[in-house]
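What follows is a single structure, written as structure tokens, with notes after it.
The values are calculated or read from the model by the stated rules, or taken from the named source; none is laboratory data. The structure presented is a predicted model; accordingly, all values stated were derived computationally and were not measured. Cβ sites come from the backbone with ideal geometry, for glycine too, and all protein chains shown count toward neighbours.
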């Protein structure tokens, strides 16, 4: 921090409780943050919260460097603090509270042993008193472990360990299963008991996978089963809202279901509802959900609760959600069982469901809407058969319908896409569609936040980019040339996928056709080039023959050879050795006569050997 900031903190002697962040979304100067408390823990928490609200990577990196310089720590430490904030482990009052608050400063062995002794006594149906547990710990230390005096936990420490266990056991004795008795109580994970005294005081939420197989619009069996999320009123057990999903829901899906429960229901005429669905409203005090990781680690539901005005609580055990679980069982066994595609518990039920499945996702939605609106909410209340669930809910609301909330206040429950750049003419691009808003014409190039309802994706809610909470609502953006249609996000994704697949196949075919044409044209041009080269070569050869005497010389030589009477033996013929005869020498006539009268001696080969040559016998 610079000297001006230090002087500002020294002069400011008023105790403040909040940290106000800058309204400038892309501001990266921490000195612009007005620190209303000199407490270092609140300052650190406010800076990390400011870092978590960065709209993009560049701004986030710049803020990280600025926070590291302000707190005089490394950027790696800033990243650790950000991870702690994301995991909900960074507290604003961490420096005020003790770091070991809630922990016992004794060995874990003794903590486990004390709990084990008490819980075992509960299983044996003979619960021990805290004093009995103290004596058992002393006996174990002296007799079994041979410890000396003072080597075991103090009795006061044992009482502190046993206190939450004893209180929990007392609550279990008083509280029956939720949904039974003349009054309804649910137990939270923190050990609090919540009693429902009027309608919409405690709304419970849970989800399950339905026992039915469905098909798509073309009749093809889908490899997934629909998920159902419900919001039920604890006081009257009325179903306030529900939603179907194609995958396991999380925090965002729960927020959308809560939005459906808060707003008045308006279904199209093709749902054929016989009664108006007049049960709606926000949780007046508590929103009770299961303790799954998708909800216990999420900050979205808590943020919605802070804005609307209710508190989020997690249930301690599955039995605490008995009202919702009983509704799920009723839907599977009574509503879906007669339909084709239902997965029965009998042998071969899953295979039979795959063969018989013929209902679509929209059909299941229509069946459930009709059952909840026309049948379930108007059934007799189990604890008071003289009243229906709707009559009990209406009486619990003071015999008047709740005042509907402004739909803009519930946009925080919608799905969001951060940081979109506005294009020309007030248009924005999202999910392969171009949306246009008249209010955006004067803001080209600005960053905005898109909020949308996945069931009606052709309309977007445009907000200005802001830090922390949602920015200012600008207007609605509608898809161009799709004003008379309505699509969900899943349907739009399927259309985009089919279009991309068709485009890819069409592009591949066109590419192959064009490649074939190019190859044929190249081959044709190469053949024409070879023909031209051969033609030119023939022309050159003809011209060279006209000016050459080689042909004439060959003709003259051939003529001379033909006119010559002497035969010229070019190559001697091959003669066999047997056919060869010795030729007699030509002698004069007188010699011939003498030779004819006298016998001629046998002619032999003569071996001529030089004088110096030595002959050797060859063996």
Need a quick list: strands (runs of 3 or more DSSP E) entirely within the stretch 358-443 having at least 1 residues that are loosely packed, with under 14 Cβ neighbours inside 10 Å.
384-388, 415-421, 427-430
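Being in contact with a helix residue (DSSP H, G or I) (Cβ under 9 Å, 6 or more places away or on another chain) and at pLDDT below 90: is that true of residue 426 here?
Details: in contact with a helix residue (DSSP H, G or I) (Cβ under 9 Å, 6 or more places away or on another chain): yes; at pLDDT below 90: yes.
Yes.
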Name the residue, out of 463, 509, that is within 27 Å of residue 60 (Cβ to Cβ) and either more than 30 Å from the chain's Cα centre (by Cα) or at pLDDT below 85 (or both).
463
Need at least 2 residues that are more than 22 Å from residue 188 (Cα to Cα) and in the same structural domain as residue 486 (by TED's automatic domain parsing) per element, so show me which strands (runs of 3 or more DSSP E) inside the stretch 198-274 make the cut, counting only ones lying wholly within it.
none
Could you list, in sequence order, the residues of the stretch 306-342 that are assigned to a helix (DSSP H, G or I), closer than 23 Å to residue 282 by Cβ and either touching a helix residue (DSSP H, G or I) at 6+ places or on another chain (Cβ under 8 Å) or modelled with pLDDT of 85 or more (or both)?
307, 308, 327
Filter the stretch 70-95 down to the residues that are over 14 Å from residue 299 (Cα atoms) and loosely packed, with under 12 Cβ neighbours inside 10 Å, then identify the one that is modelled with the lowest pLDDT.
93
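Within the group 451, 431, 424, 357, which residue is in contact with a strand residue (DSSP E or B) (Cβ under 7 Å, 6 or more places away or on another chain) and farther than 20 Å from residue 486 by Cβ? Steps first, please.
On the way: 451 fails: farther than 20 Å from residue 486 by Cβ; 431 fails: farther than 20 Å from residue 486 by Cβ; 424 fails: in contact with a strand residue (DSSP E or B) (Cβ under 7 Å, 6 or more places away or on another chain).
Testing whether each residue is in contact with a strand residue (DSSP E or B) (Cβ under 7 Å, 6 or more places away or on another chain) and farther than 20 Å from residue 486 by Cβ leaves just 357.
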Here is a list: 219, 250. Which entry is under 21 Å from residue 202 (Cα atoms) and at pLDDT below 90?
250
All positions within the stretch 343-355 that are touching a residue at least 24 places away in the same chain (Cβ under 8 Å) and either over 29 Å from residue 231 (Cα atoms) or not in a loop (DSSP other than H, G, I, E, B) (or both)
353, 354
